[in-house]
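Novice: Shown below is the structure under consideration.
No lab work stands behind these numbers, since they all come straight from the coordinates. The structure displayed is predicted, hence computed values, not measured ones. Here the Cβ positions follow ideal geometry from the backbone for every residue, glycine too, while neighbour counts run over all protein chains shown.
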Amino acid sequence: MQKRDNHSIKMLGKVPAQCSYKKTADATIVTGKAVITSVILVTDGTNDASLVIHDSVDNSGSIVRDFRVEGETDFGGNAINYPVYVDEGIWCNVTGTGAFYFVDFIKLDE
């Protein structure tokens, strides 16, 4: 059995995660400290799509993930195998005709 540190145990007590719901444009998902638990990026089936996630409430913060999905692949980006912590918030920049995305996260106490 894998040991978990106290922070992980505290975080697990906050599940289930919240969802951003379907987003089709750049957006601030949440402000303040949070944990990103999963990301799905969906294409229109033809055009490539990308999603850049910042630790920020705008595009000025550090990039924590950068997903790219080929158009004919249809979807991808659920590549977070462990929680990704952010301090300032979650801001997403999406590109690609017809692309949309979902971000699941856990809001942490300030």
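Novice: Need one word for region 15-63: rounded, prolate or oblate. Basis is the Cα gyration tensor (sqrt eigenvalues a ≥ b ≥ c); a/c below 1.5 gives rounded, then a/b vs b/c decides.
Specialist: Here region 15-63 falls in the oblate category.
Novice: Which value in nm describes the separation of the simple spin-label points at Thr31 and Ser50, placed 7 Å from the Cα toward the beta carbon?
Specialist: 2.8 nm
Novice: Find out how many positive minus negative residues lie around Leu41, taking Lys and Arg as positive, Asp and Glu as negative, among other residues whose Cβ is under 12 Å from that of Leu41.
Specialist: Once positives and negatives cancel, what remains is -1.
Novice: So what's the net charge close to Asp58: Lys and Arg +1, Asp and Glu -1, counting the other residues with Cβ under 13 Å from its Cβ?
Specialist: So the surrounding residues net to -3.
Novice: Please express the Cα-Cα pair-distance distribution P(r) of region 20-107 as a list of whole percents, one per 5 Å bin, running from 0 to the bin with the greatest distance.
Specialist: Going out from 0 Å in 5 Å bins, region 20-107 shows 3, 17, 29, 26, 16, 7, 2, 0 percent.
Novice: Give me the aspartates and glutamates in straight-line cross-link reach of Lys107: C-alpha distance below 20 Å, same-chain residues under 8 apart excluded.
Specialist: The qualifying aspartates and glutamates are Asp5, Asp26, Asp55, Asp58, Asp87, Glu88.
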